[in-house]
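Inspection log for the structure reproduced underneath, given as structure tokens.
The values are calculated or read from the model by the stated rules, or taken from the named source; none is laboratory data. Note that the structure is predicted; figures quoted are calculated from it, not measured. All Cβ positions, glycine included, derive from the backbone under ideal geometry; neighbour counts span all protein chains shown. Side chains included, ligands, DNA and RNA excluded: accessible areas come from the protein's heavy atoms. Shrake-Rupley method; radii C 1.70, N 1.55, O 1.52, S 1.80 Å.
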Amino acid sequence: GINAEYMGVCHRHHEAQKYQNMSKKIDTRQVCWIALCVLNVGFYVLQSGHCVFADVSQHGTNFIAAMPTNQYGPGDNFNLQGSHVLPAMIRKFHEGKVQGQPTIELWGTGAARREFLLVDDTADALVFLMNHFNAPTNSKLDEDMFVNVGVGKDISIRELASIVKETVGYEGDIIWNTAMPDGTPRKLLNVDRLTKLGWRPKHSLREGIRLSYEWFLTNQDRCRR
């Protein structure tokens, strides 16, 4: 699949470094980060982890697999038919404010909990890992190659809606459509490995939402709507 192909590209670059002395020109781990951090969800995360473990074990490469939590921020997808919860809320509350809508409908009860990481902090964490974390040598567990990337804290969808509503400046009411599903009750990563290395996110959730809304306002003509 696509993850195996990316791993092949990473390995070929690794070989180019060894035999052509191009270590300062080709950042193989950066290529691997793109493959493993941007594309992976669900099953593909596990698949990539096994690919990383196999390549490290067989070729001695310094590849690891970073698993980011829910990401958001400038450049997000604000299309209500395919966007995730946070950008969808930003757009709904914005349109409700502009159109003077007295209520905004949101799905579920608002009880589900999610963890959110600003994309700028994700990028910062990946650069940090490239400088501070190496693939364990002689490891027998492919899980040793994984590093969760997140904030280690979650928030209920109801609390999130309140923050987005306040940030956007919508003054109407929220109607929770409890006939619709909440989804998975909770999604929260254990980020102890990353935290022990000394990394922390630079932006609070409120600040990240503000930055996201500012980007949305100035890019409505070209953002994914």
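Could you compute the FRET efficiency for residue 101 and residue 155, with r as their C-beta to C-beta distance and R0 at 25 Å, rounded to 0.05?
With R0 = 25 Å, the Cβ-Cβ based efficiency is 0.55.
How far is it, in nm, from the label point at residue 111 to the one at residue 188 when both lie 7 Å from their Cα along the line to the Cβ?
The modelled label-to-label distance comes out at 1.6 nm.
Around residue 85, with a cut-off of 13 angstrom between Cβ atoms, what is the net charge of the other residues, counting Lys and Arg +1 and Asp and Glu -1?
Numbers: positive: 91, 92, 113, 114, 158, 187; negative: 76, 115, 154, 159, 182.
Residues close to residue 85 contribute a combined charge of +1.
For the cross-link pairs 97/153; 92/153; 97/187; 92/187; 165/196, which exceed 27 Å when the distance is taken from alpha carbon to alpha carbon? Before the final figure, lay out the partial values.
Working: 97/153 30 Å; 92/153 25 Å; 97/187 30 Å; 92/187 23 Å; 165/196 35 Å.
In this structure, 97/153; 97/187; 165/196 exceed 27 Å between Cα atoms.
Give the ranking of 94, 203, 84, 132 by solvent-accessible surface, highest area first, calculated with a 1.4 Å probe.
Listed by decreasing accessible area, they come as 84, 132, 203, 94.
Calculate, in nm to one decimal, what residue 131 and residue 219 gain on full extension: separation in residues at 0.36 nm each, minus their alpha carbon distance. Please report the intermediate quantities before stating the final value.
On the way: separation 88, 0.36 × 88 = 31.68 nm, distance 3.36 nm.
Full extension of this stretch gives 28.3 nm more.
Write down the Kirkwood hydrodynamic radius of the range 79-225, to one decimal in angstroms, obtained as one divided by the mean of 1/r over all alpha carbon pairs.
17.2 Å
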